[in-house]
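What follows is a single structure, written as structure tokens, with notes after it.
Every read-out reported here was derived from the displayed coordinates using simple, explicitly stated rules and does not represent laboratory data. What you see is a predicted model, and the numbers here were worked out from it, not measured in a lab. Note: ideal-geometry Cβ built from the backbone for every residue, glycine included; neighbour counts use all protein chains shown.
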Amino acid sequence: MISAWMGSIAFFSVSILYVLLALGLPYGEFAMGGKYKRLPKQMRIATALSILIQWTAILFLLQMGNIISVDFLAPMAKGVCYFFAVYLFFNTTMNAFSRSKKEKMIMTPLSFITAICFLLTALNG
């Protein structure tokens, strides 16, 4: 399913940014309101945890899109995809109101596209 592939690639792209942020690289203007150029240590830990959540969401998206088959994910895949669709639509709104121009210009459309992909995959899966 194309929406599962697209959503996975988009969300994985975001997770790469989060890996860089967790490592302390100066890309903070692209995330979390752009308040910090380099995230403080506590925020880096939270960012590292969110990477695991993002990768787990990608697994559910790929499961729902019939790209992978993991039996224990199957019963929850549709609900998880709907959850992330709603979460990412909310995230899109928050990004759109960010003070950071970089977050607005890059993360808002990326979040919106990913939300649509999660929704379409859940609806068609």
Separation between the LEU49 and ASN66 pseudo-spin-labels, each 7 Å from Cα along Cα→Cβ, expressed in nm?
-> 3.7
GLY65's amide H: which non-local residues (gap 5+, or another chain) put their own amide H closer than 5 Å, with H modeled 1.01 Å from N in plane and none for Pro or chain starts?
-> none
Under the rule rounded for a/c under 1.5, else prolate if a/b exceeds b/c, else oblate, using alpha carbon gyration tensor axes a ≥ b ≥ c, segment 44-117 is classed as prolate
So which residue, out of MET64, MET94, MET107, gets the largest mean-square fluctuation from a GNM of the chain using Cα contacts under 10 Å as springs?
-> MET94
Roughly what would the spin-label model give for ALA96 and LEU73, points 7 Å off Cα along C-beta, in nm?
-> 3.0
D (µm²/s, integer) via Stokes-Einstein for the chain, Kirkwood Rh across alpha-carbon pairs, 20 °C, 1.002 mPa s: value 147
Lysine pairs meeting the criterion (Cα under 26 Å, 8 or more apart or interchain), as found in segment 2-124 | 9
Calculate one ³J(HN,Hα) per residue across segment 105-115 by plugging θ = phi - 60° into the Karplus curve 6.51 cos²θ - 1.76 cosθ + 1.60, and present them in order as whole Hz with x for glycine and proline.
-> 6, 9, 6, 4, x, 5, 5, 5, 4, 5, 4
In a shell of Cβ-Cβ distance under 15 Å around GLY24, excluding GLY24 itself, what net charge do Lys and Arg (+1) and Asp and Glu (-1) give?
-> +3
Note on segment 2-124: contact order normalised by length, alpha-carbon pairs under 8 Å, 6 or more apart, percent, works out to 33
Please state the charge dipole magnitude for segment 2-124, taken about the Cα centre, from unit charges on C-beta atoms (+1 on K and R, -1 on D and E), reported in debye and rounded to the nearest 20.
-> 600
So PHE83 and LYS37, fully extended at 0.36 nm per residue minus their Cα-Cα distance, gain in nm 13.6 nm
Treating the angle as unsigned and between 0 and 90°, give the value, to the nearest 10°, between the Cα long axis of helix 74-96 and the longest Cα principal axis of the chain.
-> 30
Out of PHE72, PHE11, PHE60, a Gaussian network model of the chain with alpha-carbon springs under 10 Å gives the largest mean-square fluctuation to PHE72
Computed ³J(HN,Hα) along segment 52-69: with the Karplus parameters 6.51/-1.76/1.60, θ = phi - 60°, integer Hz and x for glycine or proline, the list is 4, 5, 4, 5, 5, 4, 4, 4, 5, 5, 5, 5, 5, x, 6, 8, 10, 9
Any idea what diffusion coefficient segment 1-56 gets from Stokes-Einstein, in µm²/s, Kirkwood Rh on alpha carbon pairs, 25 °C, 0.890 mPa s?
-> 213
Table column - 3J(HN,Hα) (Hz), segment 25-41, Karplus curve with 6.51, -1.76, 1.60, x for Gly and Pro | 6, x, 10, x, 5, 8, 8, 6, x, x, 5, 10, 6, 10, 5, x, 4
